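Working notes for the structure below.
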Amino acid sequence: MYAWIFRHLPGNLFWRVLQTLVLLAAVVAVLFLWVFPWAADRFDVLDPSLG
C-alpha cells in the first residue's frame with residue numbers, strides 16, 4: 001500500500017518524500033484531534049469502575 005501511494009505521487013524523490021511526510025502528519029493529526037477522543041468517549045477505556 002505504501003509503495004503504491006509513493007509511486008503515484010508526482011515529482012522527483014525529494015518532493016515525493018516531502019508529500020509523504022505531509023500526508024503522514026495529516027493522518028496523525030486527524031487521529032489525535034478526532035478519532036482518539038471519539039473512541040475514548042465511546043469505549044471508556046480509562047474508566048476504573050469497569051475493572
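Under the condition of being exposed (fewer than 10 other Cβ atoms within 10 Å of the Cβ) and part of a helix (DSSP H, G or I), which residue from the range 39-51 is modelled with the highest pLDDT?
Only one residue fits best here, namely 42.
Here are some conditions: (1) part of a loop (DSSP other than H, G, I, E, B); (2) surrounded by fewer than 10 Cβ atoms within 10 Å (Cβ to Cβ). Residue 11 meets all but one. Which one does it not meet?
Of (1) part of a loop (DSSP other than H, G, I, E, B); (2) surrounded by fewer than 10 Cβ atoms within 10 Å (Cβ to Cβ), only one is false for residue 11: (2).
The values are calculated or read from the model by the stated rules, or taken from the named source; none is laboratory data. In this text, all values refer to a predicted model and were calculated from it rather than measured experimentally. Cβ atoms come from the backbone with ideal geometry, glycine included; neighbour counts cover every protein chain shown.
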